[in-house]
Amino acid sequence: MASRYVAVSKPRLLKHYRLFKPHYRFYSSTDKPRNEKYPDPKAHLSTRESQAGMIKNGQSRIAGEINRHPQMIEDAICRMMEDDDWATRLQSSITNFVPLLDHNLVYNVLNRNPSRALRFFQWVEGFGFKHDRETHYKMLEILCKDRRLEDAKRILLSMSKKGLDYDEHLFVLMIHGYAKSNRKWDIVKNCVKIFMKMEELGVPRTIESYHPLLQVIINENKFRMAEKFFDKMLSEGVVPTQHTYTLMISGFCRSSRVETANRFFEDMKSRKLFPDFVLYNTMINGNIQMKKVEEAEKLLMEMKDRKMEPQLVTYNSMINGYSQVRKMEDAEKILVEMKARNLEPNLITYNTMINGYTKVQKMEEAEKLAVEMKGRNIEPDLVTYATMIKGYVSANRVDDGLELVEEMKRKRFGSKVDVYSSCLGGLKEDCNVEEMSEAQRNVLKGVEDHVERLELLAMRDAARELSELASRLAADRQEQGT
């Protein structure tokens, strides 16, 4: 029944409403009905307080229909807003159709019509409708999602003039909105400004607003600022949680600031907040990236002491650490332990082990792993080929390297640009190219040229996909606008 409420003019509106209640008639503000008292035409909209008075003594049978069938009324208004331009005719159609708008109805219409929500929000307010906290929150949510942040900010700051109290969640919504902004250069500035506005307006700040702020600051690599706001949080008596420490530790590990991450890690434990599996793995991997294998070993033992069984990601990090420092016997022990726990090695495990064997020029061991990979139905990727070829070249097995280059060229790989970048970055790593023969250098140059071509093709594909996506989005917005 709701699908039949398609109204862009008064005759169509009456026609479709008669399908629902044929004995009712709707009057516009200029009609002069006989033998029936009609409300003041300016009183089309009402707050909760005045609603009861309008329904009182049966003065508005229409209001009774709204109460009994709110979903159908919402459907009709939404259809009108979708089918007509936002002009006087549409506004008149809505006011003729619904002389009474309560808060639930307004909220639901806003929720269902995000493209015209702001105009509807402002229009009903202009007629005297008093928005409450919920309709403001919904309006902010819509605007932030649509990245219309200046409009959202104006709506937020106008609340105090309307006698409405602020709460932290409204500002958290704005911080999330700025975090997703296209204007990457001033994300942090805007998030900090709206956060500090809370202090100016006397809005209490808790961990709920500090978390998204810290997340934004860390994502933008403003680590000194992150420490500053962490200390500010403590000075205000806001107690950090496990999630707070996870944000800080993950960010500092990712930026290779492992010493600072370790300080937060120890501070967390001093507060009787015990690290979980994710944090241990983060700390282990952070130390591995800095080649602090002994620190990683201590963390692994601490995990086990706390009855937390290492998983595949943990073992892969440890194997990577041992491979970097050429401790392949220790890497082999980790691999054996992993298999004993029925954890199957994956492509990352094999590539990491193979890379370690090429560093110590144990190509026979690397070859065994390559065969084992295929036996487990794990297809070697571009990293596997580049690593094996580099190993053959370093061991002066040029013919084997050339054979693998030809095999690599016959393969088709994915289009992930970061994989190609990783191959190029590690191709000449730990290789003394100046002391190589011309034949050895030519093999590496052949691999480099091939990978660069693949990378260029992948970048073109990615650019084309982005362009197609942008065209589709522009077409969708144009269609919505019309």
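Since every read-out is calculated from the coordinates, none of them should be taken as a lab result. Keep in mind that what you see is a predicted model, and the values were worked out from it rather than measured. As a convention, Cβ positions derive from the backbone with ideal geometry for all residues, glycine included, and neighbour counts pool all protein chains shown.
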Q: Per residue of segment 464-469, in order, report the coupling 6.51 cos²θ - 1.76 cosθ + 1.60 (Karplus, θ = phi - 60°) as ³J(HN,Hα) in whole Hz, putting x for Gly and Pro.
A: 5, 5, 5, 5, 5, 5
Q) Per residue Cα convex hull volume for segment 111-270, in cubic angstrom? A) 116
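Per the Kirkwood definition applied to all pairs of different Cα atoms, how many angstroms is the hydrodynamic radius of segment 309-377?
Values: mean 1/r = 0.0847 Å⁻¹.
For segment 309-377, inverting the mean 1/r across all distinct Cα pairs yields 11.8 Å.
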Q: Order by neighbour count: W123, W185, fewest other Cβ atoms within 10 Å first, most last.
A: W185, W123
Q: Mind putting together the pair-distance distribution for segment 204-266? All Cα pairs, 10 Å bins, whole percent per bin, short to long.
A: 22, 61, 16, 0
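Out of all Cα-Cα pairs in segment 153-239, roughly what percent, to the nearest whole number, are more than 23 Å apart? Before the final figure, lay out the partial values.
Numbers: 761 of 3741 pairs.
Of the Cα pairs, 20 percent sit more than 23 Å apart.
State whether segment 249-338 is rounded, prolate or oblate according to the following rule on the C-alpha gyration tensor (a ≥ b ≥ c being the square roots of its eigenvalues): a/c under 1.5 gives rounded; otherwise a/b larger than b/c gives prolate, and the remaining case gives oblate. Please list the in-between numbers first.
Numbers: a/c = 2.33, a/b = 1.40, b/c = 1.66.
Oblate.
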Q) Using θ = phi - 60° and the Karplus form 6.51 cos²θ - 1.76 cosθ + 1.60, what ³J(HN,Hα) does each residue of segment 402-412 get, whole Hz, x for Gly and Pro? A) 4, 4, 6, 4, 5, 5, 4, 5, 7, 8, 10
Q: Please tell me which of these pairs span more than 23 angstrom C-alpha to C-alpha: K272/K292; K411/K445; K232/K298; K327/K368?
A: K272/K292; K232/K298
